Amino acid sequence: QVQLVESGGGLVQPGGSLRLSCAVSGFTLDHYAIGWFRQAPGKEREGVLCIRSDGFTYYTDSVKGRFTVSRDKGKNTVYLQMNSLKPEDTAVYYCATDTVLAQCSRHPSEYDYWGQGTQVSVSS
């Protein structure tokens, strides 16, 4: 029943912006947290941010001031606005949720449902 569908990835120049979407079904955003992760080639998957069911948000230091997460409860969608993009932001970005504990974690193994991933490439 639980499903997450991502969109919005693409190629952008350094300093540019992208907005990613994570449309969820099978639950409402008032019930579970949504985490964003990214994985670059040859590197481990790392946590980017997580928004709790009450709206409280955690950001990793490398994206603070550049990335912003928001929710549209009517559309059951979470948006990741990415500004001032850098080449080191290049990665596959995933959204995920934990339906067991229903809380935020920076460890990918704690999440049981994932989107398909969307490629973000930052290059001149």
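Here are a few things to note about the model shown:
- Contact order normalised by residue count of the chain, Cα under 8 Å, 6+ apart, percent: 36
- Equivalent-ellipsoid semi-axes for the chain (Cα gyration tensor, √(5λ), whole Å, largest first): 23, 15, 13.
- DSSP beta bridge pairing in the chain, given as percent antiparallel to the nearest 5: 90
- The aspartates and glutamates whose alpha-carbon is closer than 14 Å to the alpha-carbon of LYS64, local same-chain residues fewer than 8 away aside, are ASP89.
- Nonpolar atom fraction for the chain, defined as the carbon and sulfur part of the 1.4 Å probe accessible area, stands at 46 percent.
- Heavy-atom surface of the chain, accessible at 1.4 Å and reported per residue (Å²): 52
- With 0.36 nm allotted per residue and the present C-alpha distance subtracted, the PHE56-ARG19 stretch has 11.4 nm of extension available.
The values are calculated or read from the model by the stated rules, or taken from the named source; none is laboratory data. This one's a predicted model, so the numbers in the text were calculated from it and none came from an experiment. The protein model used for the area step is the full one, side chains on, heavy atoms only, and it has no ligands, DNA or RNA in it. Shrake-Rupley method; radii C 1.70, N 1.55, O 1.52, S 1.80 Å.
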